[in-house]
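As structure tokens, the structure follows; a few thoughts come after it.
What follows is calculated from the coordinates using simple rules that are stated; it is not laboratory data. Given the structure is predicted, the values throughout are model-derived calculations rather than measurements. When we count neighbours, we look across all protein chains shown, and the Cβ atoms used for this are built from the backbone with ideal geometry, even at glycine.
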């Protein structure tokens, strides 16, 4: 059973969901000098920062704004209806642990997850679960939300995701880069690696019987784990997630009109994602437009999947598929893929695929239809 | 899959309690995990990850040192519960960068700065290719884990779920927890309920008749007797209930304080007691 999206709110370095999409259409890039940590020590000089002060618990701050906005938009009443909240994240509020390590300033362990943030933003909700699933966390919680609704356990599910930067993850990005990356260039031959972005996104998901306005339909999300390598993605695991999505949706690859790719701009992700798209989607008779977001927003980690879902909803609404910011010369593995380069393309897609892959080989592939 | 009205019923086909230093359930401490898991592949594995691997290894009934062979099990999901599993590594890496710069950090720690390392390492070590979830929901993470495991089974996303909880007791974890932590791990292997097919039944939700004994306040209080396993607590309780139901012959064991309205609760029942089947 498909489920509907009754509300959606986003925060990225480019602003709200509408501002982010408008930025994508004009090819904006939200990169700026790194605001946290020492660029020399980290070997990371840039990031895609949201409009926040250098304050603790930045992920929760972004999340709270999105929770209020998405729930208000949806019309769901969290006081009287059975509403669960699933929060996906890659790095929680681990920057508080880093502050403890450097200054001795401690925080209660329960501030590392988002139950308190949700309780303050949505006082009527008591059912909050934090799912820490790296860079595909948003896709995973969307899948679980659909399951909860299909099994009749909730009237609505608030599907949330948020991430800010941590110094320890920045250090790992810097450790594997030959020299500091200037910007994220998804699928580009001359890509130099990933940069982190700050972001949050919240969807309000309701059953298909919902009578209010909706922004789009989630047909299915496929899940898999590579069980292959701690950090390197695997084509077989990714292909299983895609196949799972098609099977659950009752659709085939040739139905897919647009792919919003994961596309981190890294040597590990981009060639494998291209290979998987060519094998499964093109090999299955599909020939979709392929776009990606992280060149404009950076890698928003656990919130990346839901940011991409919001972009997909706006593609349905606008009929415009944005180009991949930062892409000029595609890598060899992209041969045959219809990457959107340079200018946005006008289209009227019926089915959009959103890819999300994370550390540890955790994969989530979502299929969306227009409402 | 539903049992009685308002209740979800699952099969529990394996369990373990891997609790270093606790009589009856003693397990190898993280630094001696090789005695359970074998020597290869433990470099750069954190204490919580080692504890989780040991718990799963024991729940599967494997011999010491036995390793996974064959193809990936795509029907087996992993749900791991741990709040503080990687905080010491995050602190260590942060301090190293501050003191010596990023070049002093090992890339082998890259997976460890992402908190889902516990869940994904279990999948990688044992070859479990189904959905993989890492829950960090405070002291109720284990209970959320059981709910998510049930969801994965009933939605058809998995035919088997390895539910594992593990928590360390390192310095950073203890500071954050603001009180003594007990390092330990536990595992419960869950499958969809079917007639006459397994040893132990897990009922999630209000169940009758009342259990013969209870794990939790008013019964065997894990926190009071053994210490606080924090994010792993709920899985420790579930595995202990299975032990009491089957090994200790209690038959029906409740988990958590039973509310006057009858739920929610978890009841673990030896299958033979429930079904007249042995």
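Between residue B:106 and residue A:211, the FRET efficiency estimated from the beta carbon spacing at R0 = 41 angstrom works out to 0.15. Taking a point 7 Å from the Cα of residue A:279 along the Cα-to-Cβ direction, the residues of the stretch A:338-371 with backbone N closer than 19 Å to it are A:338, A:354-366. Does the stretch B:102-164 come out rounded, prolate or oblate, given a ≥ b ≥ c as the square roots of the eigenvalues of its C-alpha gyration tensor, rounded meaning a/c under 1.5 and, failing that, prolate meaning a/b above b/c? The shape class here is oblate.
Computed from label points 7 Å out along Cα-Cβ, the spacing between residue A:341 and residue A:247 is 3.6 nm.
In terms of Cα atoms, the Rg and Dmax of the stretch A:104-236 work out to 18.4, 54 Å.
I need the shape label for the stretch A:290-361. Rule: rounded when a/c is under 1.5, else prolate if a/b > b/c, else oblate, with a, b, c from the alpha carbon gyration tensor. Judged from the Cα gyration tensor, the stretch A:290-361 comes out oblate (a/c at least 1.5, b/c at or above a/b). Taking the longest Cα principal axis of chain B as reference, the axis of helix B:117-126 is set at about 70 degrees. Residues within the reach of a label modelled at residue A:267 (point 7 angstrom out along Cα to beta-carbon, backbone nitrogen below 15 Å), restricted to the stretch A:161-180, are A:173-180. Given labels modelled 7 Å from the Cα in the Cβ direction, how far is it in nm from residue A:72 to residue A:229? Those two pseudo-labels are separated by 4.6 nm.
Among beta bridges from DSSP that stay inside the protein assembly as shown, the antiparallel ones total about 65%. If the chain linking residue B:99 and residue B:68 were pulled fully straight, counting 0.36 nm for each residue of separation and taking away their Cα-Cα distance, it would gain 7.1 nm. Across the stretch B:1-153, C-alpha contacts under 8 Å between residues 6 or more apart give a mean separation that, scaled by the residue count, equals a relative contact order of 24 percent. For B:54, A:274, the sequence from fewest to most other C-beta atoms within 10 Å is A:274, B:54. Per residue of peptide A:360-368, the mean number of Cβ atoms on other chains within 10 Å of the residue Cβ is 4.
Calculated on C-alpha atoms, the gyration radius of the protein assembly as shown divided by its Kirkwood radius gives an Rg/Rh of 0.96. Placing R0 at 60 angstrom, the Cβ-Cβ distance between residue A:26 and residue B:178 gives a FRET efficiency of 0.80 after rounding to 0.05.
When A:154, B:136 are arranged by Cβ crowding within 10 Å, least crowded first, meaning fewest neighbours, the order is A:154, B:136.
For chain B, the antiparallel share of DSSP beta bridges with both residues in that region comes to about 65%. When chain A is treated as a GNM with alpha-carbon contacts under 10 Å, the residue of A:123, A:207, A:322 showing the greatest mean-square fluctuation is A:123. So what's the angle, to the nearest 10 degrees on a 0 to 90 scale, between helix B:87-100 and the longest Cα principal axis of chain B? Its long axis makes an angle of about 10 degrees. What FRET efficiency would be calculated for the residue pair residue A:287, residue B:247, taking the C-beta separation as r and a Förster radius of 56 Å, to the nearest 0.05? Efficiency, from the Cβ-Cβ distance: 0.45.
Largest GNM mean-square fluctuation across A:41, A:279, A:294, computed for chain A with C-alpha springs under 10 Å, falls on A:41. Between helix B:233-246 and chain B there is an angle of about 40 degrees, using the helix long axis and the longest principal axis of the Cα atoms.
Projected onto its three principal axes, the C-alpha set of the stretch A:135-205 covers 51, 27, 15 Å, listed from the longest axis down.
Across the stretch A:261-292, the residues whose backbone nitrogen lies under 18 Å from the label position 7 Å along the beta-carbon direction of residue A:348 are A:289. Simple spin-label model, 7 Å along Cα-to-Cβ: residue A:52 to residue A:119 in nm? Label at residue A:52, label at residue A:119, 2.1 nm between them. Put in line by how crowded their Cβ is, counting other Cβ atoms within 10 Å and starting with the fewest, A:163, A:257 read A:257, A:163.
In the calculated pair-distance distribution of chain B, the portion above 28 angstrom amounts to 33 percent of the Cα-Cα pairs.
When both bridge partners sit in the stretch A:161-311, DSSP labels roughly 40% of those beta bridges antiparallel.
Remark: mean inter-chain Cβ contacts per residue of A:103-111 equal 4, using a 10 Å Cβ-Cβ cutoff to other protein chain atoms.
Of the residues A:168, A:74, A:214, the one that moves most in a GNM of chain A with alpha-carbon contacts below 10 Å is A:168.
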